[in-house]
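Here's the structure we're looking at; comments come further down.
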Ligand SMILES: [Zn+2]
């Protein structure tokens, strides 16, 4: 693993807002800045808005923006070669060559900093690996929110849209935001839960299960079984290890139940030994992850 203590990188994490920070080594220097309103921001404005904030965080740190060595942008959706190919929650960004737009804006001030645009969940996985001091280890992170994100550090080629992994062949399972049948997100996603229980908020579903209500209890078991199934599939095609869980709905995770289901689903001896751990994350962790990923991609 390349040492990058002292390197000056900009990390950006896009979700419903844009978080921008100046990262020195593996730490944010100064404060992470937040720009609200990404879902309604015109696609053409995204790179200039990021650049303006990049200038501000650099100025605050007393650093000339031209001294920035690389820029990493975590963005939700399928990102390939800097292009946002699909982004269900930031639909106007579909087809946007964000890496090119960023390089273009940077070029106007003669900055040649390389730009990496990567999936937001991969940025989060890199940030978690750094926060845990385990950049040399495989780190996988599930993010449970409106959608279900999966990130892996180190990154590998491929779509890795594991939130859309098929975990049931029941044709009635149709709640995924992408429209696909039987998807993990169609069971676990916040939006999908609201569609399934039209008369109840997800918070009430989990509260009902805690009180022993049979209908919601059955669903909460299925919710855990779905995540165990997707994780078991990943273990069978990749390797066992630790799976971190984060995001707003990680508060509903019963780790013991997940581990039990996973154990029932993975029986081959060399593939055993995986564990789940729920961890709190933040914009800061993701910003550091985006920055580290850009630094590594630049080969500095
Ligand atoms: Zn889906």
Problem - Stretchable slack from residue 263 to residue 197, in nm (0.36 nm times residue separation minus alpha-carbon distance) - result: 20.8 nm
Exercise for the section: Would you please state which residues of the stretch 263-298 a label at residue 34 would reach in this model, taking the label point 7 Å out along Cα→Cβ and a backbone N cut-off of under 19 Å? Expected result: 280-290
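Between residue 279 and residue 166, what's the calculated FRET efficiency when r is the beta-carbon distance and R0 is 35 Å? Round to 0.05.
Values: r = 27 Å, r/R0 = 0.77.
Efficiency computed from Cβ-Cβ geometry: 0.85.
Mind jotting down a quarter of the surface of the convex hull over the alpha carbons of the stretch 126-278, in square nanometres, one decimal?
Details: hull surface 37.1 nm².
That works out to 9.3 nm², a quarter of the Cα hull's surface.
At 0.36 nm per residue, and after removing the present C-alpha to C-alpha distance, how many nm does the segment from residue 204 to residue 157 gain when stretched out fully? Show your work: numbers first, answer last.
Working: separation 47, 0.36 × 47 = 16.92 nm, distance 3.93 nm.
That works out to 13.0 nm of additional length.
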Completion exercise
Checking 137, 172, 221 against a Gaussian network model of the chain (alpha-carbon springs below 10 Å), the top fluctuating residue turns out to be 172
Problem - Helix-derived mean residue ellipticity, 222 nm - over the chain, DSSP H n ≥ 4, -39500 (n - 2.57), to 500 - result: -11500 deg cm²/dmol
Fill in the blank from the handout: Here FRET efficiency (C-beta to C-beta, residue 110 to residue 60, R₀ 22 Å, nearest 0.05) is 0.55
Fill in the blank from the handout: the stretch 113-190 and the stretch 208-281 have their Cα centres apart by a whole-number Å value of 14 Å
Completion exercise
Placing one equal point scatterer on each C-alpha of the chain and summing with Debye, one gets log10 I(q)/I(0) at q = 0.09, 0.10, 0.11, 0.13 Å⁻¹ equal to -0.45, -0.55, -0.66, -0.89
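Suppose R0 equals 41 Å; then what is the FRET efficiency for residue 78 and residue 211 from their Cβ-Cβ distance, rounded to the nearest 0.05? Don't skip to the answer; put the middle values down first.
On the way: r = 40 Å, r/R0 = 0.97.
According to the calculation, E is roughly 0.55.
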Practice task
Among 144, 271, 227, determine the one that fluctuates most according to a GNM of the chain built with springs between C-alpha atoms less than 10 Å apart.
Solution key: 271
Problem - For the chain, built as a Gaussian network whose Cα springs stay under 10 Å, the top-fluctuating residue of 11, 241, 163 - result: 241
Problem - Segment residue 52-residue 181, extension gain: residue separation times 0.36 nm, minus the distance between their alpha carbons - result: 42.3 nm
Practice task
Would you work out the relative contact order for the chain, in percent, from Cα pairs under 8 angstrom that are 6 or more residues apart?
Solution key: 21 percent
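No value in this document is a laboratory result; all are computed from the given coordinates. All of these numbers come straight from a predicted model, not from anything done at the bench. Here Cβ is always computed from backbone atoms with ideal geometry, including for glycine, and neighbour counts include all displayed protein chains.
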